[in-house]
1. If a residue must be under 16 Å from V165 (Cβ atoms) and part of a loop (DSSP other than H, G, I, E, B), how many such residues does the range 33-67 contain?
2. Looking at this structure, is A203 modelled with pLDDT of 95 or more, buried (at least 21 other Cβ atoms within 10 Å of the Cβ) and within 17 Å of Q121 (Cβ to Cβ)?
3. From the list G41, G105, G32, G64, exactly one residue is out of contact with any Leu (no Cβ under 7 Å at 6 or more places or on another chain), farther than 20 Å from D14 by Cβ and either modelled with pLDDT of 90 or more or not assigned by TED's automatic domain parsing to the domain that holds V214 (or both). Which is it?
4. Has the range 125-145 got any residue that is within 13 Å of G228 (Cα to Cα) and basic (K, R)?
5. If you check V90 against the conditions, is it outside the structural domain of G34 (by TED's automatic domain parsing), β-branched (V, I, T), within 21 Å of the chain's Cα centre (by Cα) and at pLDDT below 85?
6. Does G212 satisfy being more than 25 Å from A93 (Cβ to Cβ) and at pLDDT below 90?
7. Name the residues in the range 211-231 that are more than 10 Å from the chain's Cα centre (by Cα) and buried (at least 24 other Cβ atoms within 10 Å of the Cβ), would you?
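The values are calculated or read from the model by the stated rules, or taken from the named source; none is laboratory data. Just so it is clear, the model here is predicted, and its values are computed rather than measured. For neighbour counting, all protein chains shown are included, and Cβ atoms are generated from backbone atoms with ideal geometry for every residue, glycine included.
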Amino acid sequence: MSKRGTLGGSAHADRVFRVLRAFTEVEGQMHGPGELAEATGLDDSTVHRILQSGVYDGIFAREGHGLYRLGAGAARLGLKSLAHAPNSRVTHAVLEDLHGATDGGLAFLFALAPFGGAGKQCLDMAVGSSDLSEVGIPHRALMEVCRSLRTGAAGRAILAFLPKVIQDGVLAEPVPDGAGPGAFRDDARLLASLESVRKDGIALDVEEWAEGWVGCAAPVRWDGLIMGSVAVLKPGHDISACSVSAVRAVRRAAECFTPADDHGPWSEEAPGSY
């Protein structure tokens with residue numbers, strides 16, 4: 001775990017933040033005081049006092065056998081931090097530009113959805129007059145394919161940047177029944193594809209969502225944390241249907257959703273055409 005120095009405030013506050021960071025950086029969901037002490041460089045008794053205080057405030061929750069996990073209070077803090085996410089007016093403008101820049105490609109913005117197991121949720125789309133029936137998947141199956149992180153470029157663009165413990169949970173899930181013939185059913189190939197996503201910053205989709213459709217997706221990140229992905233789908237049977245210019249347009253759209261210090265869609269000002 002990184003040992004960042006104190007930028008201000010008391011030494012006690014620094015120790016509390018170090019314990020909080022340990023929960024996000026150490027593998028697993030539940031940890032004992034000894035494991036957290038080793039990760040933070042603090043002594044066991046200090047960590048135990050912090051955990052006990054955090055349980056009282058709901059930041060931590062105590063499980064059996066002296067283990068702790070992040071509690072509902074931590075989730076509330078996380079939800080509050082997302083209050084500055086771009087609104088629908090801004091997101092739709094970017095997606096409409098992407099739809100046009102890819103010659104009518106179906107453009108989507110997905111968010112990481114941790115509730116009920118890691119998945120993704122479609123926040124917005126720009127699909128012209130399409131009702132998505134041409135994708136050829138029944139609506140119930142389409143919902144399952146859309147949610148899965150192991151199916152399609154949009155899911156793998158998110159999955160590649162998640163902690164190993166969450167990746168393992170996703171890999172344990174079956175491929176949705178409605179997925180296309182190109183979906184990764186072999187875990188070794190899926191993991192290799194995630195390495196390519198981390199290296200190239202783009203995921204390519206050849207008939208993963210549905211037969212006869214290809215696409216690409218780029219991750220949307222916030223201060224290094226994966227938040228979602230931007231994706232485009234186009235009719236075709238091989239990746240040539242998703243041109244180099246389409247890949248570039250998807251990258252630019254994802255950059256529009258990356259928070260900037262003073263501008264971009266995370267501020268009040270809507271972005272112009274990219």
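1. The first filter runs over the range 33-67 and keeps only residues under 16 Å from V165 (Cβ atoms), leaving 35-36, 39, 63, 67.
With the extra rule that they be part of a loop (DSSP other than H, G, I, E, B), the set shrinks to 63, 67.
Of the residues in the range 33-67, 2 are under 16 Å from V165 (Cβ atoms) and part of a loop (DSSP other than H, G, I, E, B).
2. Values: modelled with pLDDT of 95 or more: yes; buried (at least 21 other Cβ atoms within 10 Å of the Cβ): yes; within 17 Å of Q121 (Cβ to Cβ): no.
Spelling it out, it is not the case that A203 is modelled with pLDDT of 95 or more, buried (at least 21 other Cβ atoms within 10 Å of the Cβ) and within 17 Å of Q121 (Cβ to Cβ).
3. Values: G41 fails: farther than 20 Å from D14 by Cβ; G105 fails: out of contact with any Leu (no Cβ under 7 Å at 6 or more places or on another chain); G32 fails: out of contact with any Leu (no Cβ under 7 Å at 6 or more places or on another chain).
Of the residues listed, the single one that is out of contact with any Leu (no Cβ under 7 Å at 6 or more places or on another chain), farther than 20 Å from D14 by Cβ and either modelled with pLDDT of 90 or more or not assigned by TED's automatic domain parsing to the domain that holds V214 (or both) is G64.
4. Looking only at the range 125-145, we keep the residues that are within 13 Å of G228 (Cα to Cα), and these are none.
Checking the range 125-145: not a single residue is within 13 Å of G228 (Cα to Cα) and basic (K, R).
5. Against the criterion (outside the structural domain of G34 (by TED's automatic domain parsing), β-branched (V, I, T), within 21 Å of the chain's Cα centre (by Cα) and at pLDDT below 85), V90 qualifies.
6. Working: more than 25 Å from A93 (Cβ to Cβ): yes; at pLDDT below 90: no.
Criteria not met by G212.
7. Answer for the range 211-231, where residues must be more than 10 Å from the chain's Cα centre (by Cα) and buried (at least 24 other Cβ atoms within 10 Å of the Cβ): W213, V214, G215, C216, A217, A218, V230, A231.
Quick grid of which residues meet (1) at pLDDT 85 or above; (2) assigned by TED's automatic domain parsing to the domain that holds G136; (3) among the small types (G, A, S):
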residue	(1), (2), (3)
M227	yes, yes, no
V232	yes, yes, no
P235	yes, yes, no
D238	yes, yes, no
A241	no, yes, yes
A246	yes, yes, yes
A249	yes, yes, yes
R252	yes, yes, no
